[in-house]
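Below is one structure, written out as structure tokens; the observations come after it.
Coordinate-derived values only; no laboratory data. Not measured: the values here are computed from a predicted model. Note: ideal-geometry Cβ built from the backbone for every residue, glycine included; neighbour counts use all protein chains shown.
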Amino acid sequence: MTIEELEQIAKSVALENAKYDYEVNVCLDLACASQGADKLREALVAAADASGKKVLVRRTGCMGPCSSGPLVRVDPDETLYRHVSNTNADAIVASLGGAPVAELQCDLNEHFDLQTRVVLENAGHIDPEKIDDYISRDGYKALLTALAEMTPNGVVHRITESGLRGRGGGGYPTGLKWGTVAKAGGDLKYVVCNGDEGDPGAFMDRSVMEGDPHRVIEGMAIAAYAVGASKGFIYVRAEYPVAVARLTSALRDARRPGLLGSNISGTTFNFDIEIRLGAGAFVCGEETALIASIEGRRGTPKPRPPYPAVSGLWGKPTLINNVETYANIAPIVRNGGKWFAGMGSERSKGTKVFALTGKITNTGLVEVPMGIKLREIIEVIGGGVPGGHTFKAVQTGGPSGGCIPAELLDLGVSYDALLAAGSIMGSGGMIVMDDTSCMVNVAKFFIEFCMTESCGKCIPCRAGTAQMHTLLTRICEGSATMDDLELLEELCSTVKEASLCGLGQTAPNPVLSTLKYFRNEYIEHILHQRCPAGVCKIETPVADQPAVEVLA
Amino acid sequence: MSEAVDVKTLQINGHEVSALRGQTILQVARENDIDIPTLCHLDGLSDVGACRLCLVEIKGSNKLLPACVATVYEGMEVTTDTERLQKHRKTILELLFAERNHICSVCVSNGHCELQSLAQQEGVTHVRFPYRNPELTVDASHERFTVDHNRCVLCTRCVRVCAEVEGAHVWDVMGRGINSTIITDLNDNWGESSCTRCGKCVQVCPTGALFDKSKIGSDHPKYPDFLPYLNEMREAQ
Amino acid sequence: MSKLKLATVWLDGCSGCHMSFLDMDERLLEVAELVDVVYSPIVDTKEFPDHVDIALVEGAVASVDDEKKIKRIRAHSKLLVAMGDCAVAGNVPSMRNPIGPEAILNRAYIENASAQQQIPCVVVPKLLKVVRPIHEFVKVDVFLPGCPPSADTFHSALVALVTGSPLDVSALTRFGA
């Protein structure tokens, strides 16, 4: 396939779409689908057919504000409807060409105004199972342009220039990683996409894989060209069956016109991708454990160095990036590194997708430029804390991250700022907590998560997280002493500094950050057997009963 | 032209030492009589860097590196015995003692146990963490050997010696995190497994988790030193 | 200067530590020069005194009675020494922890009893759910592991504690020694 052919396809899609006067896009992502978006779509199709109007009803990936679902957007007016049920289908179709259905209209202008959509640019606009839809929005143009006009080095240079950093959590400069793999010797190299999204409350990668699978494939293909790899793996957790199905069909659709396979676009570049399913181990998101898992071995991490870029899958140089990182590649290649570097903050470029969850009005998926203030994300985009409660903290970075308190809400979101605040960017989960959340209990929840997800290989993580959990349980039950707290802090330092992989090294973060900002809550539990948020059930100590004298 | 011998000069605890390219910090330290405590490492087996006792500090880096797998480089400055490292080592040993039911006084390996010696060496006189006291099994189904999971520290030496040296791969690890446990075959009884009865696992086990039934009640030292010799002889062939 | 007041206590242990203590033999005379034994299984006093300088505690805390005792001991002793593995780590008494006290009592007093099958409940103190070392209940100043610590260990440690000279426990003894 050539660029001309791509343009031909785009043109024919445009012609096809031009036959319709209206496009009714129905979000069929998990959140909307679980509220009956499937039936809604059928009802809309039926209503459109009955009305005789020229209406294209399209299913799309996640539109963002999941808590308002099921969502429907009518184009060209860009009218967004929320909480639509199949009984509203007739009204919506009837309104086409006239005034919108007022009671369903969704006023989320502020919500969208602060967002910048790069990764999610197609979400809500294309049918994820139609490769032509993707192509009609400049899909695969970046890959073919790179193959036709750029050297592999040129691609690496462009990514370096963009300042893109790994979106999986660590924030390692992507261009640097690519350059290392490109320089590594050997004729067999691998490109791996890490889709083992496992943080509680995070679903950015799932939405991208389900809503725009070709974007990930294109990003991987460009990466493979840049680093000289011929084989790719997408590692997806088996808990994401829709993502697996969409990726599988997308791979098939990309192979058919020769966008994957041998001699892509008439060049000597060969590349194909296989899907590997994760079996539910959180630690397999760690790159060396992920490699072991793909190789068919027990998913446990290995000490680095050697880094996968030098010795990865089956000992070969391997490039591992996260879903969102790959999703950024095509736009960067298309629009240039400088364009991307123009967004964001000093050392964190571009945009970041966050999954807003917890005690917040607009839960869902948002994409914001780096450097935006946390306050803007939570109060404006997220719509603030509902129910008259007050904001207490936002947890970023999942079990590896920390809790950021209200006084730091004016922090600009970047890798370095979040790290300095005792948290991390992570993959993009953002859990908002209000005054009904007990921070000790929150820390205990995350430690319990790390304890059960520890692979058990190294002692600090295996036994240390278990002991941390025991100590935190004591605190929550009101039976701990100040010595226990001291022991907990000491244990945190050993688990953090001595653990083998990222899971253990970051596991204490939720405890350390809550201790840093909410120490008084710990003290209340310990000294006064009181849970300020009223979450922990502390049994009031039974007054010491005079023990029956016994003969010893 | 033969490749020139690539020699690296580095410092360990302030002493200038020389090493060959590719050598680990642990190898170089031991060649120079500098002690670094280890538990999962055993000469003759691959290294996994799991016990974290051999962590050392490298000047210029905040990260602690496992000496058993970290290789030397020119000008490296290694410290093996800082207060920070000692603190972590003690904590790690305490975590091990609290993890399972290590009752030294009734153990076949009392007096010959690496965990026990390490505790003494690192000055662990008590365990600050609450004992977990898990209910674990003892498998005595094998005609010659017994595995007592109460004493296992999950160093995986048995797993490695069985796979790498004996070539049988009878042992492996099952489960995750604190529930990890070593198993024979697919969690079958040892006596009914594909065990070749070579006994290497018993000899490399650092504690009394794997022991020889015929030695119960008597002194039960273990002899893992056969490994480097065996490997050398095999390579010579 | 008056002699320091020494107490030795026997909680849930086998008394082996006390035996080892007595194994100091002729050195006991030397120790007697340094301390007065004010409370011990080997002297007549029935009540733990109000003012003790050094308390050596053998045994783990296994019953409500042990718990009461260790708290009184702590409150009335300047220096509390955990003597032997049971006091330091739980040791043999703690081997019942994974299966619980009910199972143990059942096996001992019902299943294996040929006559009068009943679990004693009057006279003897109630068992705690888990046997724990004494430092999980009270602050311990010195730990002397060993099963039992040797007479030499006792001698060196006591002399060091009484004279205030430095004490390197790990050089003297270890778990299971």
* **Computed log₁₀ I(q)/I(0) - Debye formula, equal Cα scatterers, no solvent, the range B:7-81, q 0.25, 0.28 Å⁻¹** => -1.22, -1.50
* For the pairs A:K302/A:K516; A:K496/A:K537; A:K359/A:K457; A:K392/B:K90; C:K3/C:K46, note any where the Cα-Cα span goes beyond 26 Å. => A:K302/A:K516; A:K496/A:K537; A:K359/A:K457; A:K392/B:K90
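What net charge is computed for the residues neighbouring B:T146, neighbours being all others with C-beta under 15 Å from the C-beta of B:T146, Lys and Arg scored +1, Asp and Glu -1?
Spelling it out: positives minus negatives among the neighbours equals +1.
Where both partners of a DSSP beta bridge lie in the protein assembly as shown, what percent of those bridges are antiparallel, to the nearest 5?
Details: 52 of 100 bridges.
DSSP beta bridges in the protein assembly as shown are roughly 50 percent antiparallel.
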* To do: Count neighbours as other Cβ atoms within 10 Å of each site's Cβ, and list the GluC sites (Glu not before Pro) in the range A:294-352 that are DSSP loop with at most 16 such neighbours.
  => A:E295, A:E346
* At a Förster radius of 35 Å, what calculated FRET efficiency corresponds to the Cβ-Cβ distance of A:K183 and B:E192, to the nearest 0.05? -> 0.10
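Once you average over the residues of B:93-102, how many Cβ atoms of partner chains fall within 10 Å of each Cβ?
Working: counts 1, 4, 12, 3, 3, 5, 6, 2, 5, 3.
Averaged over the peptide's residues, the number is 4.
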* **In the range A:124-234, lysine pairs closer than 25 Å at Cα, eight or more apart or cross-chain** => 9
* **Estimated distance in nm for a label pair at A:E16 and A:D49, the labels positioned 7 Å out from Cα along Cα-to-Cβ** => 1.9
* Which of A:G195, A:S207, A:A224 sits closest to the plus end of the dipole of the range A:191-241, meaning its Cα is farthest towards the positive end, when Lys and Arg get +1 and Asp and Glu get -1 on the C-beta? -> A:A224
* Round to the nearest 10 and give me the degree value, 0 to 90, for the angle of helix A:482-498's Cα axis relative to the longest principal axis of chain A. => 40
* Structure fact -> Long-range share for chain C, i.e. C-alpha pairs more than 28 Å apart as a percent of all pairs, stands at 25
* Consider a paramagnetic label point 7 Å from the Cα of A:V242 along Cα→Cβ; state which residues of the range A:319-362 have an amide N under 20 Å from it. => A:323-324, A:327, A:353-358, A:362
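Using a Förster distance of 30 Å, how high is the FRET efficiency between C:H51 and C:S15, based on the Cβ-Cβ distance and rounded to 0.05?
Values: r = 25 Å, r/R0 = 0.85.
For R0 = 30 Å, the calculated efficiency reads 0.75.
Grab the other residues whose beta carbon is less than 13 angstrom from that of A:A355, score K and R as +1, D and E as -1, and report the net. Present the calculation step by step, with values, prior to reporting the outcome.
Working: positive: A:R167, A:R206, A:K352; negative: A:D29, A:E197, A:D199, A:D205, A:E324, A:E367.
So the surrounding residues net to -3.
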* Structure fact -> Averaged over all viewing directions, the convex hull of the alpha carbons in the range B:86-236 casts a projected area in nm² of 9.7
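Packing-wise, with mean Cβ within 10 Å as the measure, how do A:424-433, C:43-52 rank, highest first?
Details: A:424-433: 26.0, C:43-52: 10.9.
Going from most to least packed, we get A:424-433, C:43-52.
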* Structure fact -> Averaged over all viewing directions, the convex hull of the alpha carbons in the range A:179-272 casts a projected area in nm² of 6.5
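Efficiency by 1/(1 + (r/R0)^6): what FRET value for A:N153 and C:D141, r their Cβ-Cβ distance, R0 = 60 Å, to the nearest 0.05? List each step's numbers first, then the result.
Numbers: r = 67 Å, r/R0 = 1.12.
Result of the calculation: an efficiency of 0.35.
Would you mind ranking A:T473, A:T318, B:T80 so that the residue whose beta carbon has the fewest other beta carbons within 10 Å leads the list? Don't jump to the answer; show the numbers that get you there.
Numbers: A:T473 16, A:T318 28, B:T80 20.
So the ranking, lowest neighbour count to highest, is A:T473, B:T80, A:T318.
If you take every DSSP beta bridge whose two residues both sit in the range B:7-81, what share of them, in percent to the nearest 5, is antiparallel?
85
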* Structure fact -> For peptide A:461-473, the mean count of other chain Cβ atoms within 10 Å per residue Cβ is 5
* Asked: What order do you get for C:79-86, B:72-79, C:160-167 when each peptide is scored by the mean count of other beta carbon atoms within 10 Å, highest first?
  -> C:79-86, B:72-79, C:160-167
* Structure fact -> Taking Cα atoms only, helix B:226-236 is inclined relative to the longest principal axis of chain B by an angle, in degrees rounded to 10, of 60
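On average, how many beta carbons from a partner chain sit within 10 Å of the beta carbon of a residue in B:43-53?
4
Please sort A:234-247, B:190-203 by packing, taking for each peptide the average over its residues of neighbouring beta carbons within 10 angstrom, highest first. Spell out each step's value before the answer.
Details: A:234-247: 20.2, B:190-203: 17.4.
Answer by packing, highest mean first, reads A:234-247, B:190-203.
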* Please report how far the C-alpha centroid of the range B:1-75 lies from that of the range A:228-301, rounded to the nearest whole angstrom. => 36
* What is the ratio of the Cα radius of gyration of the protein assembly as shown to 2.2 N^0.38 Å, where N is its residue count, to two decimals? -> 1.10
* Treating the angle as unsigned and between 0 and 90°, give the value, to the nearest 10°, between the Cα long axis of helix C:64-76 and the longest Cα principal axis of chain C. => 20
* DSSP bridge orientation in chain A - percent antiparallel, rounded to nearest 5 -> 50
* Determine the sum of side-chain charges near C:K3: Lys and Arg each +1, Asp and Glu each -1, restricted to other residues whose C-beta is under 10 angstrom from that of C:K3. => -2
* Euclidean distance of C-alpha centroids, the range A:187-227 and the range C:35-109, integer Å -> 61
* What is the P(r) of the range B:154-224, as percent of Cα-Cα pairs per 10 Å bin from 0? -> 20, 52, 26, 2
* Asked: Taking the alpha-carbon centroid of each part, what is the distance from the range A:322-366 to the range B:171-237 in angstrom?
  -> 51
